[in-house]
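Take a look at the structure below.
We did not get these values from a lab; they are worked out from the coordinates using the rules stated. Computed from a predicted structure; not experimentally measured.
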Amino acid sequence: MARKEKVFTVEAKGRDEGKVFLIKEMSADKAEWWAIRAGMAMARNGIEVPDDFAQMGMVALAQLGLSLVAKIPLDEAKPLLDELMACVSIIPDPGNPSVTRADINNDIEEFTTRLKLRAEVLKLHVDFITAVAS
C-alpha cells in the first residue's frame, strides 16, 4: 500500500493564497523515530509526556499536539520541524498536479503558511486516530 498523500491549497488571504502543496506521509520507520525523538526532547526539557510515549509514537503526538514541540529548545526542535517540512512539496501548476518540486523555501512567502503546512503534515500522520475514534 502506498503512503498517504494530501493536496493542500492555501486559502488564507496573503501572498501564498491559492498556492497548492502536496504532503506525503513519512515512512513508518522515519515517523516512529521522529515521534520518539520529539518525546525524548520533551521529557528532557521537563515537558510532561505519558510514560509509554515511546511505544505510542505518532499516537501520542496526536493526543498531545504540535504545541508541545514548541516547548522544546530551538536546537532540538528545528531538526524535527524541518523533517515535517520535508514531507511537503509544491505543485507549481495546479493544472498539472503530477509535477511537484521539493524545494519550497522560495515558494512560501508567509510564515503562517509554514505553520499550517507543518500542522497538516502531522494531521496526515495521525488522521487514522480520528477515524478510529469516530
_Just to check I understand the Karplus step: with θ = phi - 60° and J = 6.51 cos²θ - 1.76 cosθ + 1.60, what whole-Hz values come out for the stretch 11-16, glycine and proline as x?_
9, 5, 4, x, 5, 9
*Given a cut-off of 23 Å, name the pairs among K13/K116; K30/K78; K19/K71; K24/K71; K6/K71 whose C-alpha atoms lie farther apart than that in the structure shown.*
K19/K71; K24/K71; K6/K71
*With a ≥ b ≥ c the root eigenvalues of the C-alpha gyration tensor of the stretch 5-50, is it rounded (a/c under 1.5), prolate (a/b larger than b/c) or oblate?*
oblate
_Phi-based couplings in Hz for the stretch 81-90 (Karplus 6.51, -1.76, 1.60; Gly and Pro marked x)_ = 5, 5, 5, 5, 5, 5, 7, 10, 10, 9
